[in-house]
Amino acid sequence: MANRRKPASTRTKGRPGSRARGRGKGGAARRRRWPRFLVLLLLASVLGGVLYGLYLDQVVRGKFEGKRWAVPARVYARPLELYAGAPVDAEQLQNELRRLGYRSATHPKTSGSYSRNRNRFLLRTREFLFWDSIEPARYLEIRFANGRLKSLRDAASRKALALLRLEAPVIGSIYPSHHEDRILVKRQELPETLVQVLLAVEDRQFYQHRGLDPRAILRAAWANLRAGGVVQGGSTLTQQLIKNFYLSRERSFWRKANEAAMALMLEHHYDKDEILEAYANEIYLGQDGKRAVHGFGLASQHYFNRPLDELDLPRIALLVGLVRGPSYYDPRRYPERAKKRRDAILRMLAAQGAITPEQRDAGLAADLGVTASPGQGSGTHPAFLDLVRRQLHRDYQEEDLNSEGLRIFSTMDPWVQERAEQAVRERLAALGKRGGDSTELEAAAVVVSATGGEVLALIGGRRQAYAGFNRALDAVRPIGSLIKPVVYLLALSQPERYSLISLLDDSPVYVPGAKGKIWAPKNYDKVSHGEVPLHTALAKSYNQATVRLGIDLGVPQVKRTLQNLGVARPVDAYPSLLLGAVSLTPIEVAQVYQTLAAGGFRSVLRAIREVMDAEGRSLQRYPLKVEQAARTAAVYLLTKALQDVVREGTGAGLRGMLPASLHLAGKTGTTDDLRDSWFAGFSGDKVAVVWVGRDDNKPAGLTGSSGALRVWGDVMREIRPQPLEPPPPDDIQFAWVERETGMLADESCPGAIEVPFVRGTAPTLEASCRSGRVENFLRRIWQ
């Protein structure tokens, strides 16, 4: 009976209580587990926040302490050298000062200013770091007379100066892929006026807050609430720097929270001046084509073409006003908006007591002072910069060029470059009108120094301000008769066989070719001229005489001579080479003619003088390297023949364009069907090569004389070349000879000319006029 089940009433009596107790224990357990979960969640959140904060802190410090910006390489033109007797006139100096952003004043009192009274200048220069020394700021008096610099003195002490270099003008930059550009300035280089205006407008409590300014945030929130939209920002300069330097332009609460946290971290690690310096270099202030203008240093050059430390109050107010919206307040596109914004800042400064009412009124009355076109670094000579970049790539990686802030001093003479560009542009337009199609005609030009091989100017096409196909470097075109001086140089290098008066056969010539074909070149005028003196055959550019001469000398030897003069590309030694069946670029032709202009001494053409790092240390020098490529006496004789080309041959068209006293030397070149028009020549100090033609290789309708020679003459007239008067080498002697027979004559003989010869090779046979005079003289003595 002990196992009898309890009555139902007994079994069910305690169940409700039991369930209640069970629920009570389970509920309590569950209630105890919920706080543990929240604690874990809270701990995880705190840990995640700490880790994320450490990550943000690492980002802030890592980028701020590392290389903050990829600074492009800056390319400079040659500095203008001033000394008594320099071939510089008053107009050239004034153009250079304008290029450098100097200000005209009644009396110059600060660096970067000058005054002019006719041919007298008073000038206060700027300090500039060159590769070899620092050129200090000076106060100068400069006088000009007869197209030259007459005197150079210290204006204070009146002491004469031997030599002075103006600062080198910037002609362009080599940018990183994002095309950001800036001129880095240090905190101590920021004008105090700029700092005061910037803080007054953007962050009055900058030196008091720790990255965030609660009062500014509340003030902006209230202003925006009342306006029903965003009309005022509460961001500090530190927050603006974080936004521009570290974060994307995304608008979200998360980005704003990151901005606030990172601003606090930045202020914790770095002092105010470091932050202000970074802000002044990072802030975006405008656009120049693809180039983004960052920082006040570059903005000063971009808008005013002058250094930051030379800006007055109105210009500083204009720059600070751009912080709010560089595109909206762009002073070149929207001058009224820019002036309204600048004036509002000036009035605000006066209301705050930061400036006097007189300063405010003077600033309000001032114009914007913005230059018509962007200042330095905008890259207005892309063809020349292309040459600089190619030569740099032999020694530097692309990343070094667009991120390390290198200072590259080039050989470009901006005065020569600009005048050459103008001459090419105007003459091309005239040639195109004559031919009826001015848009299809293209040109390329190269100007180099005669002795040093420095590229002074380079033009890649008619649209000179636009980067694109660089014809001066990449247009490989047949050179036509420009090859002929190479043939004649080889002949004159054999003085025992050839002289300037050696008679050449200009009768029809027939040269066997491959597969039984006969090559029978004709003269341009379709006339054979019989026997002609060597110098005349070159001056008149006779094809038949040149081919006969080249075959006699040997085509392989002509090829070797061409290569000795500086042509590196492969050349086929076919007979057609003798008439220019070789394709070269204008700069390759310039190398050949530079070697001739230098008396047979080849200097590899160079566009770079020196490379310095961002700290001013010299990294790489590009010294002059000279190698003798031809006999000096032979080159001297050839130069005389090339002067005959200009005096009486195919280059005679220059006589009406340039003074005969320059004694220029040169050679025309024309290719089949008038597709290419060339002229290459030199003066005493400059070599120039010009090509004119069409990119589609259709006939241009121009010979070397009617096309390229005209452009060449315009260029040389503008750049004021020196006379070509080479001194005769020691092994050269002169003798009078009859023009027609080449026999020895006297100066008084009819038609006699004075001709240079390699010593010991002058003619011994006497002309009848000379021998008759000797016989008469002896007869008188005998009697």
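The values are calculated or read from the model by the stated rules, or taken from the named source; none is laboratory data. Fair warning: this is a prediction, and the values are worked out from it, not measured in the lab. Cβ sites come from the backbone with ideal geometry, for glycine too, and all protein chains shown count toward neighbours. What goes into the accessible areas is simple: the full protein's heavy atoms, side chains included, and nothing from ligands, DNA or RNA. Shrake-Rupley method; radii C 1.70, N 1.55, O 1.52, S 1.80 Å.
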Once the piece of chain linking residue 84 and residue 768 is laid out straight, how much longer is it, given 0.36 nm per residue of separation minus the C-alpha distance between them? 240.9 nm
Starting from the amide H of residue 406, placed 1.01 Å from N in the peptide plane, find each other amide H under 5 Å away whose residue is 5 or more places distant or on another chain. 73, 74
Portion, in percent, of the accessible area of region 717-759 that falls on carbon or sulfur, probe 1.4 Å: 49
Point-to-point label distance, residue 741-residue 110, nm (Cα→Cβ direction, 7 Å offset): 8.0
Roll a 1.4 angstrom probe over the protein heavy atoms and tell me the percent of accessible area of region 311-418 that is carbon or sulfur. 48
Farthest towards the positive end of the dipole of region 66-140, among 122, 75, 107 and with Cβ unit charges of +1 on Lys and Arg and -1 on Asp and Glu, lies the Cα of 107
Everything considered on the Cα gyration tensor (a ≥ b ≥ c; rounded for a/c under 1.5, else prolate if a/b is larger than b/c, else oblate), region 336-396 must be described as prolate
Of the listed pairs 526/698; 517/698; 522/667; 63/256; 517/559; 63/243, which have alpha-carbon separations greater than 25 Å here? 517/698
Prolate/oblate/rounded call for region 616-730, Cα gyration tensor, a/c under 1.5 rounded: oblate
What accessible area per residue comes out for region 104-247, rounded to a whole number of Å², with a 1.4 Å probe? 53
Which order do the peptides 348-359, 562-573 come out in when sorted by mean C-beta neighbours inside 10 angstrom, highest first? 562-573, 348-359
How much FRET efficiency would the formula 1/(1 + (r/R0)^6) give for residue 156 and residue 340, where r is the Cβ-Cβ distance and R0 is 56 Å, rounded to 0.05? 0.80
Here FRET efficiency (C-beta to C-beta, residue 362 to residue 59, R₀ 56 Å, nearest 0.05) is 0.75
Hey, if we sort 241, 43 by accessible area with the 1.4 Å probe, largest down, what's the order? 43, 241
Region 542-627 - percent relative contact order, Cα under 8 Å, separation 6 or more: 22
Given (i) 88, 53, 46; (ii) 92, 62, 57; (iii) 182, 88, 48 as candidate values of Cα extents along the principal axes in Å, which corresponds to the one derived from the coordinates? (iii)
Among 235, 708, 370, whose Cα lies farthest out toward the positive end of the dipole of the chain, if unit charges sit on the beta carbon of Lys, Arg (+1) and Asp, Glu (-1)? 235
Within straight-line cross-link reach of residue 340, aspartates and glutamates at Cα separation under 13 Å, skipping those fewer than 8 residues along the same chain: 330, 367
Ranked highest first by the average count of other Cβ atoms within 10 Å around their residues, in what order do 202-215, 703-716, 508-521, 628-641 fall? 703-716, 628-641, 202-215, 508-521
Mean separation of Cα contacts under 8 Å, 6 or more apart, over the residue count of the chain: relative contact order %: 10
Restricting to Cα pairs below 8 Å that are 6+ residues apart, what does the relative contact order work out to for region 647-783? Please round to a whole percent. 18
Once the whole set of protein chains is in place, how much accessible area is left on residue 734, using a 1.4 Å probe, in Å² to the nearest 10? 80
Distant-in-sequence amide H partners of residue 529 (H built 1.01 Å from N, under 5 Å): 506
Expected output is a single nm value to one decimal: the length gained when fully extending between residue 510 and residue 256, i.e. 0.36 nm times separation in residues minus the C-alpha distance. What is it? 82.9 nm
Kirkwood hydrodynamic radius of region 291-375, from inverse mean 1/r over distinct Cα pairs, in Å: 12.9
Top positive-direction residue, dipole computed over the chain with Cβ charges, set 571, 162, 618: 618
On the protein heavy atoms, probe 1.4 angstrom, tell me the percent of accessible surface of region 469-606 carried by carbon and sulfur. 55
Could the peptides 407-416, 644-653 be put in order, highest first, of the mean number of other beta-carbon atoms found within 10 Å of their residues? 407-416, 644-653
As a test of reading the structure, rank 195, 370 by solvent-accessible area (1.4 Å probe, protein chains only), most first. 370, 195
Residue 213 long-range amide H proximity, modeled H, under 5 Å: 236
Please work out whether region 553-667 counts as rounded, prolate or oblate from its C-alpha gyration tensor, where a ≥ b ≥ c are the square roots of the eigenvalues and a/c under 1.5 means rounded, while otherwise a/b larger than b/c means prolate and anything else oblate? oblate
Each residue of region 211-217 in turn: what ³J(HN,Hα) in whole Hz from Karplus with 6.51, -1.76, 1.60 and θ = phi - 60°, glycine and Pro shown as x? x, 10, 10, x, 5, 5, 5
Set the Förster distance to 22 Å, then compute FRET efficiency between residue 186 and residue 207 from the Cβ-Cβ distance, nearest 0.05. 0.75
Not counting ligands, DNA or RNA, and with a 1.4 Å probe, what is residue 766's accessible surface area in Å² rounded to the nearest 10? 80
Regression test value, accessible area per residue of region 428-560, probe 1.4 Å, units Å², expected 42
Starting from the 7 Å offset along Cα-to-Cβ, what nm value, one decimal, do you get for the label separation of residue 476 and residue 619? 3.1
